[in-house]
C-alpha cells in the first residue's frame, strides 16, 4: 500500500527526500529505492534536455491533453500508468538521491526552453512545475522508512 504524498513546492519534495534518507527505507512496489529516485531525476533532467521517447502526436493531442487537464485539476498523479515491463534493479540509492537533488536544483534555475511532455505534449513552466511535483510525490509514495507507521 503506497503512501499518498502531495507536494506543492520543491522544498517539500526535497524535505521528504531528506527524511527518507535519514532512515532505513523499504519499497512498496516493484521498483527498487534507487530505481525510483533515478526515474524521478531522469524526468526532471529530460524536461530540460529532451525526451527520447514520446507518444504519437495524435495520442498527445487527444488522450494526453485529457490526462493533463485531469492531473492538473485533481492536483496529483495517480499510480499505475508506468512501464509495467520494468524489472527491479538494485542500485546506489544515495547516489540516486543526489542525482534527484541536482536535477531539481538545475531545474529551479533553468531559464531556457522546456521540452514537451512525452504523453501530455506542450506544458507551460507552471504546468511543468506541477507535473514534476505530482510525479515525484507519486513515486516517493512507494518508499517508506521502516520506522514510519504502517500506511
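Within region 51-62, none of the residues are outside any helix (DSSP H, G or I), modelled with pLDDT under 95 and within 15 Å of residue 144 (Cβ to Cβ).
State whether the residues of region 34-49 include one that is farther than 18 Å from residue 20 by Cβ, over 14 Å from the mean Cα position of the chain (by Cα) and modelled with pLDDT of 95 or more. Checked against the condition, which is being farther than 18 Å from residue 20 by Cβ, over 14 Å from the mean Cα position of the chain (by Cα) and modelled with pLDDT of 95 or more, region 34-49 yields at least one hit. None of 24, 50, 65, 19 is surrounded by fewer than 17 Cβ atoms within 10 Å (Cβ to Cβ) and on the phi > 0 side of the Ramachandran plot except 50.
For region 99-110, the criterion of a residue being free of Cβ contacts under 8 Å to residues at least 60 places away in the same chain and either under 19 Å from residue 27 (Cβ atoms) or touching a strand residue (DSSP E or B) at 6+ places or on another chain (Cβ under 8 Å) (or both) is satisfied by no position.
Restricting region 111-145 to residues that are crowded, with 18+ Cβ neighbours inside 10 Å and touching a strand residue (DSSP E or B) at 6+ places or on another chain (Cβ under 9 Å), the residue that is nearest to residue 72 (Cα to Cα) is 131.
Residues in region 77-90: is at least one at pLDDT below 95, in contact with a helix residue (DSSP H, G or I) (Cβ under 9 Å, 6 or more places away or on another chain), crowded, with 17+ Cβ neighbours inside 10 Å and within 21 Å of residue 13 (Cα to Cα)? Yes, there is a match, as at least one residue in region 77-90 is at pLDDT below 95, in contact with a helix residue (DSSP H, G or I) (Cβ under 9 Å, 6 or more places away or on another chain), crowded, with 17+ Cβ neighbours inside 10 Å and within 21 Å of residue 13 (Cα to Cα).
Only one of the numbered conditions (1) part of a loop (DSSP other than H, G, I, E, B); (2) more than 21 Å from residue 144 (Cα to Cα) is violated by residue 47, and that is (1).
Would you check if residue 107 is under 17 Å from residue 39 (Cβ atoms) and at pLDDT below 95? For residue 107, the condition - under 17 Å from residue 39 (Cβ atoms) and at pLDDT below 95 - is not met.
Every test in (1) in a helix (DSSP H, G or I); (2) in contact with a strand residue (DSSP E or B) (Cβ under 9 Å, 6 or more places away or on another chain); (3) farther than 22 Å from residue 86 by Cα is passed by residue 23 save one, and that test is (1).
The values are calculated or read from the model by the stated rules, or taken from the named source; none is laboratory data. What you see is a predicted model, and the numbers here were worked out from it, not measured in a lab. Note: ideal-geometry Cβ built from the backbone for every residue, glycine included; neighbour counts use all protein chains shown.
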